[in-house]
Amino acid sequence: LPDGTSLPPNPSPTLAFPPAWQNPLYETAQSALNSSCYLSIDWKISEDKPVIEAIHRMVANKIGALAVTGEGDGIVKGIVTERDYLNKVAFLGKNSSETTISEISTSFPNLVTVSRENPIDRCMEKMLAADVRHLLVRAEKDKNSEIMGMISVKDIVKCNLAKSNAQKERLESIIIEQQFLNSPI
């Protein structure tokens, strides 16, 4: 965090930290994850499933991506997005019932990830630089750390709005305090 401290270890990577951990002035990937719709859905899909299954789940949950796991092991190894479907299946006229997710997904080392401690501004920079709309969130700073969640550009926007509002409120309180201190009373 900007003040030199770091978030404590997450006792359960599948659970979000309580709201007390959030400070809008110091929004992080963990902050975005805590309010993400991905917390309330099954955000993983096996690489051996047909693409149509991923599309059905994306439409049903109003999301644009799913994390891809290895066959039967549950370990995140990639991501499949609506763009993957459009560019690698629909545009090419492939059959989405016969094409597997592993054929169109993005896998390591080409994945864009962040640690849960990354400031929200860094998350936004990574998204823009890579031209992606979803980031996989690692439990720790180590690049080989477990993927514990996923955030979308919408989650980033919500955090930036909260941060902007907190900054505005803080500046307003400073102005009011200065006016009070400088009043002739």
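Numbers below:
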item: Every residue from the range 68-92 that is part of a helix (DSSP H, G or I) and among the basic types (K, R); result: R83, K88
item: The range 153-185 - residue that is open to solvent by 100 Å² or more (accessible area, probe 1.4 Å) and assigned to a loop (DSSP other than H, G, I, E, B) and, of those, nearest to L39 (Cα to Cα); result: N182
item: Residue tally, condition within 27 Å of S31 (Cβ to Cβ) and β-branched (V, I, T), over the range 94-132; result: 6
item: Residue, farthest from I147 (Cα to Cα), within the range 41-61, restricted to residues that are among the charged types (D, E, K, R) and open to solvent by 60 Å² or more (accessible area, probe 1.4 Å); result: E53
item: Meets criteria (touching a Phe, Trp or Tyr at 6+ places or on another chain (Cβ under 8 Å), under 20 Å from K49 (Cα atoms) and open to solvent by less than 30 Å² (accessible area, probe 1.4 Å)) for I104; result: yes
item: Residue in the range 20-37 that is charged (D, E, K, R) and modelled with pLDDT under 90 present; result: yes
item: Filter result for the condition that a residue is within 13 Å of the chain's Cα centre (by Cα) and either part of a helix (DSSP H, G or I) or polar (S, T, N, Q) (or both), over M127, M150; result: M127
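The values are calculated or read from the model by the stated rules, or taken from the named source; none is laboratory data. Since this is a predicted model, take the numbers as computed values, not measurements. Note: ideal-geometry Cβ built from the backbone for every residue, glycine included; neighbour counts use all protein chains shown. What goes into the accessible areas is simple: the full protein's heavy atoms, side chains included, and nothing from ligands, DNA or RNA. Shrake-Rupley method; radii C 1.70, N 1.55, O 1.52, S 1.80 Å.
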